[in-house]
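One structure is given here, and the rest of the page talks about it.
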Amino acid sequence: MRLGVFDSGVGGLSVLKSLLHAKLFKEYIYYGDTARVPYGVKDKDTIIKFSLEALEFFKEKKVDMLIIACNTVSAYALEILRANAPFPVLGVIDAGVLAVKNSLKDKNSNILVIATQATVNSHAYKQALLQEGFLKVEEKATGLFVPMVEEGIFHGNFLNAAFEHYFKGLEFKPSALILACTHFPLIAQALGEYFGANVKLIHSGEAIALQLQQEFDLKTIQEEAAVKFYASSDVKKLERIAKLWL
């Protein structure tokens, strides 16, 4: 089977890494809209327009399934993409909520969602978690983490200062931290050190791999998968970053 993975830029490589580790598909087609990244600061109509254009790309590539690695697209365009796609389309938000359900049995657990401003504005995670019966869900836009990751800042004083900027006023200590941007798993270790060992980190890539296994009954494939990278701008740069991140 051929799996498509779509992201607004390079962040979705963190999702691709988890999918490659799960070994569920023979071929992967990754497309990053690097010419128009970031999506997290754009309006809903623009996000939908760009996403439908990407869908046409994946139709031409004849994928069997499409993963929307971008949380912003998952929040605003997932249902429209599903309505226009001839194959299953999965988003990372549904997968993240499923991962929370599997990880936290106490509905009173404190849950913190960190994401881009657009994803926070959609309240997609919070609404879905409240519908599942979770009572304490907070959201925080942490957009500075995106350029830090793009610059390769995964540890250190600069990142710790950003943590203090965003988190020093939190009214509760989270039991679970949802990394609701594909860039954020790259600073997961630093986030875990900041919040402590008891916090459960919910990673988009790991969550979507789990959802694929549970809902589609996909089995592990032993042979090495083929991966092809495409981008709307500077695919060579995307390939260089992929060599570092994957």
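Numerical summary
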{"item": "Condition broken by Tyr194, with the remaining ones in (1) touching a Phe, Trp or Tyr at 6+ places or on another chain (Cβ under 7 Å); (2) crowded, with 19+ Cβ neighbours inside 10 Å satisfied", "result": "(2)"}
{"item": "Qualifying positions in the stretch 1-28 - among the hydroxyl-bearing types (Ser, Thr, Tyr), at pLDDT below 95 and either more than 23 Å from Glu151 (Cβ to Cβ) or part of a loop (DSSP other than H, G, I, E, B) (or both)", "result": "Ser8"}
{"item": "Within the stretch 215-236, considering residues that are part of a helix (DSSP H, G or I) and open to solvent by 100 Å² or more (accessible area, probe 1.4 Å), the one nearest to Asp7 (Cα to Cα)", "result": "Lys236"}
{"item": "Members of the stretch 155-169 found to be open to solvent by 60 Å² or more (accessible area, probe 1.4 Å) and either under 30 Å from Glu239 (Cβ atoms) or among the β-branched types (Val, Ile, Thr) (or both), listed by number", "result": "His155, Phe158"}
{"item": "Verdict on Tyr31 being outside any helix (DSSP H, G or I), open to solvent by 10 Å² or more (accessible area, probe 1.4 Å) and either without any contact (Cβ under 8 Å) to a residue 24 or more places away in the chain or at negative phi (or both)", "result": "yes"}
{"item": "The stretch 195-234, residues that are of a type in the set (Lys, Arg) and either in contact with a Pro (Cβ under 9 Å, 6 or more places away or on another chain) or free of Cβ contacts under 8 Å to residues at least 60 places away in the same chain (or both)", "result": "Lys200"}
{"item": "Residue check, Glu150 under 29 Å from Ile241 (Cβ atoms), open to solvent by 70 Å² or more (accessible area, probe 1.4 Å) and acidic (Asp, Glu)", "result": "yes"}
{"item": "Single unsatisfied condition, Ala197 versus (1) under 23 Å from Thr72 (Cα atoms); (2) among the small types (Gly, Ala, Ser); (3) in a loop (DSSP other than H, G, I, E, B)", "result": "(1)"}
{"item": "Selection count, the stretch 120-143, where residues are open to solvent by 20 Å² or more (accessible area, probe 1.4 Å) and assigned to a strand (DSSP E or B)", "result": "5"}
{"item": "Where Leu191 falls short, out of the listed (1) more than 18 Å from the chain's Cα centre (by Cα); (2) at pLDDT 95 or above", "result": "(1)"}
{"item": "Single unsatisfied condition, Lys17 versus (1) touching a Phe, Trp or Tyr at 6+ places or on another chain (Cβ under 7 Å); (2) crowded, with 24+ Cβ neighbours inside 10 Å; (3) under 16 Å from Pro185 (Cβ atoms)", "result": "(2)"}
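Residue by residue, here is whether (1) under 16 Å from Ala209 (Cβ atoms); (2) open to solvent by less than 30 Å² (accessible area, probe 1.4 Å); (3) touching a strand residue (DSSP E or B) at 6+ places or on another chain (Cβ under 9 Å) holds:
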| residue | (1), (2), (3) |
| --- | --- |
| Phe57 | no, no, yes |
| Val63 | no, yes, yes |
| Ala69 | yes, yes, yes |
| Leu78 | no, yes, yes |
| Arg82 | no, no, yes |
| Leu90 | yes, yes, yes |
| Lys101 | yes, no, no |
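The values are calculated or read from the model by the stated rules, or taken from the named source; none is laboratory data. For clarity, every value in this text was computed on a predicted model and none was experimentally measured. Virtual Cβ from ideal backbone geometry, glycine too; neighbours counted across all protein chains shown. Just the protein is used for accessible areas: all its heavy atoms, side chains included, with ligands, DNA and RNA removed. Shrake-Rupley method; radii C 1.70, N 1.55, O 1.52, S 1.80 Å.
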